[in-house]
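K.L.:
Please read through the structure below; I'll follow up with questions.
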Amino acid sequence: MRQEDDGTRTDSETVPDLARETTAAWKDEEVEFIKIFFTDLNGRLRTLTINPEFMDQIVEKGVGFDGSSIAGITTVDDSDRLLLPVPESYRVLEFNSERIGFCIARILNLMGGRSLSDPRAVLERTLERAMDEFGVRFQVAPEYEFFLLKSDDFTKNIHSDKAGYFHSDPHDKGGFVRNQIIRTLKRCGIRHEKTHHEVTASQHEINLEHTDALSAADRTLLFNYVAERVAAEEGMHMTLMPKPFDGQNRSAFHLHISMWDQNGVNLFHDAQGEHRLSSLARQFISGILKYARQTSIIMASTYNSYKAYVAEREAPMVVGWGIKNRSSMVRLPHCASPESTRLELRSPDPSGNVYLQMATLIEMGLQGLREGAECGPPDVGSVYRGLWDCRVWDERFLPRSMYEALVEAERSEFLRNLLGESIYKHYMCLKIASWEEHRTHVTPRELGNYLSC
């Protein structure tokens, strides 16, 4: 696999040309502020607010920031980094109180080359490999699931409603927030396909139309910001925490993906294949299955994530694939046409870094193409039925704790090569520290069970 840029290359030859083509976007719009967004390694949104009068200059030369103050970017002895806006990602967002510009940023080092710690660069390199090696591109459509709560302080009265799957108003108290999110996105050119109340009380889902993989990742940052901002304006708290409530479904981040050649043909479809699935699609699935455990710490990146992998709650537990089977890790949804043939990965959740999640999904599939082994037969029936004799360590399953996922990641040359040495080391340090904090924390349940021993 291609390794990361050594930082000696400069982007100065390409950025001005791009800027000349696109600067009119913010020159013609009346906005008081422009916010440029990126993520730390954990996937948390970070933003810098700039004066639109300086946007042309910043697009060409970047703007400095302290990378050592942001999780996983760099260390205090080498802290200076640059943010370089991506002009084609520019949107205008209209909220109740203001109208602002939104733009995604790349992270550069001071010599103008790509920073070794930029998560977006991992996805960019993966997509370049896909095109250079196989001549393919990807369309992706995430499912955005989230909770709308009364507050960010957890109490027994935190739920905003008591509704369930597909319930309508007036039971669905968050429906007006979902609609306002959709309106805000529509005004800046983002279309939704469908939206509804999810299974758990206060839980919601919005699905946007599919797009290319990099745009889908960038759009996820836009969606998360808009959803949180709109919810706050309406007096609610939007959270991407995967599993806030015991005994209830989690919020997932299902990724629907299809692979296309340069002539616009969906390579996952084969009219003569079993289930109308091509041999390439089966190889792609085989790669996902083979490397699923090694990459689990990317797809489910917090210790809360692993509390969701329980039977009968629609979160996958077993490494496998199925036809229209919602208990399977990889699912072939109902597809009405060859163009809609796609795979759905059901293991990710919204607490992770979207750039790393999409890059990992695609690279697992590409590795399956390289190895040429097709996946086995699909899951039959609910995979939850045979779980009762499982062991503590069982490689038929996805990792069931953050510790198990970290062990798999620590042993994985695949993950190390995908992320590059710099991000791999920073990411593992962050996640090990998070696990250690969790492992050594004394909980109220422990005090209740053991204080009187």
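The values are calculated or read from the model by the stated rules, or taken from the named source; none is laboratory data. Computed from a predicted model, the values in this text were never measured in an experiment. For neighbour counting, all protein chains shown are included, and Cβ atoms are generated from backbone atoms with ideal geometry for every residue, glycine included. These area figures cover heavy atoms from the full protein model, side chains too; ligands, DNA and RNA do not enter into them. Shrake-Rupley method; radii C 1.70, N 1.55, O 1.52, S 1.80 Å.
K.L.:
Mind running the shape call on the stretch 150-210? Use the C-alpha gyration tensor, a ≥ b ≥ c as the square roots of the eigenvalues: rounded below 1.5 for a/c, prolate if a/b tops b/c, oblate otherwise.
P.N.:
prolate
K.L.:
Once every DSSP H run of n ≥ 4 in the chain is given -39500 (n - 2.57) and the sum is divided by its residues, what mean residue ellipticity at 222 nm do you get, rounded to the nearest 500 deg cm²/dmol?
P.N.:
Working: 13 runs with 143 residues, N = 453.
For the chain, the value works out to -9500 deg cm²/dmol.
K.L.:
Between rounded, prolate and oblate, where does the stretch 115-194 land on the alpha carbon gyration tensor, with a ≥ b ≥ c its root eigenvalues, rounded for a/c under 1.5, else prolate if a/b exceeds b/c?
P.N.:
It comes out prolate by the Cα gyration axes.
K.L.:
Can you pull out the chymotrypsin sites (Phe, Trp or Tyr not before Pro) in the stretch 86-192 whose DSSP state is coil and whose Cβ has at most 13 other Cβ atoms within 10 Å? Please list the in-between numbers first.
P.N.:
Working: sites: 90, 95, 102, 134, 138, 144, 146, 147, 154, 165, 166, 176; in loops: 90, 95, 154, 165, 166.
Those that pass, being in a loop and sparsely packed, are 154, 165, 166.
K.L.:
Could you pull the accessible area for residue 290 with a 1.4 Å probe, rounded to 10 Å²?
P.N.:
Result for residue 290: roughly 110 Å² accessible.
K.L.:
Restricting to DSSP loop positions (anything but H, G, I, E, B) with no more than 13 other Cβ atoms inside 10 Å of their own Cβ, which trypsin sites (Lys or Arg not before Pro) remain in the stretch 338-379?
P.N.:
When the trypsin sites (Lys or Arg not before Pro) of the stretch 338-379 are filtered for loop state and at most 13 Cβ neighbours within 10 Å, nothing remains.
K.L.:
For the stretch 191-316, I need the span (max minus min coordinate) of the C-alpha atoms along each principal axis, in Å, sorted largest to smallest.
P.N.:
Cα extents, longest axis first: 51, 34, 23 Å.
K.L.:
Same structure, new question: So if we plug the beta-carbon distance of residue 53 and residue 111 into 1/(1 + (r/R0)^6) with R0 = 35 Å, what FRET efficiency do we get, rounded to 0.05?
P.N.:
Efficiency at R0 = 35 Å is approximately 0.85.
K.L.:
Which residues among the stretch 119-161 fall inside the zone where the amide N is under 17 Å from a point 7 Å beyond the Cα of residue 234, along Cα→Cβ?
P.N.:
144-152, 159-161
K.L.:
Please state the equivalent ellipsoid semi-axes for the chain: what are the square roots of 5 times the Cα gyration tensor eigenvalues, largest first, in whole Å?
P.N.:
The answer is 32, 28, 25 Å, longest axis first.
K.L.:
For the stretch 289-414, what are Rg and Dmax over the alpha carbons, in angstrom?
P.N.:
14.3, 42
K.L.:
Using a 1.4 angstrom probe on the protein heavy atoms only, could you order 155, 195, 360 from most to least accessible area?
P.N.:
155, 195, 360
K.L.:
Turning to a different aspect of this structure: What net charge is computed for the residues neighbouring residue 150, neighbours being all others with C-beta under 12 Å from the C-beta of residue 150, Lys and Arg scored +1, Asp and Glu -1?
P.N.:
-2
K.L.:
So how exposed is residue 260, as accessible area in Å² (1.4 Å probe, rounded to 10)?
P.N.:
Probe radius 1.4 Å; accessible area of residue 260 about 30 Å².
K.L.:
Oh, and also: Any idea what the relative contact order of the stretch 93-157 is, in percent, if you count C-alpha pairs under 8 Å spaced at least 6 apart?
P.N.:
So the answer I get is 13 percent.
K.L.:
Sketch the reach of a paramagnetic label on residue 272 as a point 7 Å from Cα along Cα-to-Cβ, and name the residues of the stretch 321-354 whose backbone nitrogen lies under 18 Å away.
P.N.:
Of the residues in the stretch 321-354, 338 have backbone N under 18 Å from the label point off residue 272.
K.L.:
Then there is this: On a straight-distance basis, which aspartates and glutamates could pair with residue 290 in a cross-link, Cα separation under 18 angstrom, same-chain partners fewer than 8 positions away excluded?
P.N.:
344, 363, 371, 374, 379, 394, 395, 404, 408, 410, 413
K.L.:
Sort 153, 394 by accessible area with a 1.4 Å probe, largest first.
P.N.:
The ordering from most to least exposed comes out as 153, 394.
K.L.:
Give the ranking of 274, 143, 98, 53 by solvent-accessible surface, highest area first, calculated with a 1.4 Å probe.
P.N.:
The residues order as 53, 274, 98, 143, largest area first.
K.L.:
Here's a follow-up. How much accessible area does residue 128 have with a 1.4 Å probe, in Å² rounded to the nearest 10?
P.N.:
For residue 128, solvent-accessible area is about 90 Å².
K.L.:
Sequence gap at least 6, Cα distance under 8 Å: using those rules, report the relative contact order of the chain to the nearest whole percent.
P.N.:
Values: 876 pairs, mean separation 68.4, N = 453.
Relative contact order for the chain comes out at 15 percent.
K.L.:
Counting pairs of alpha carbon atoms under 8 Å apart in space and at least six apart in sequence, what relative contact order in percent does the stretch 134-220 give? Don't skip to the end; give the middle numbers.
P.N.:
Values: 139 pairs, mean separation 34.4, N = 87.
After rounding, I find 40 percent.
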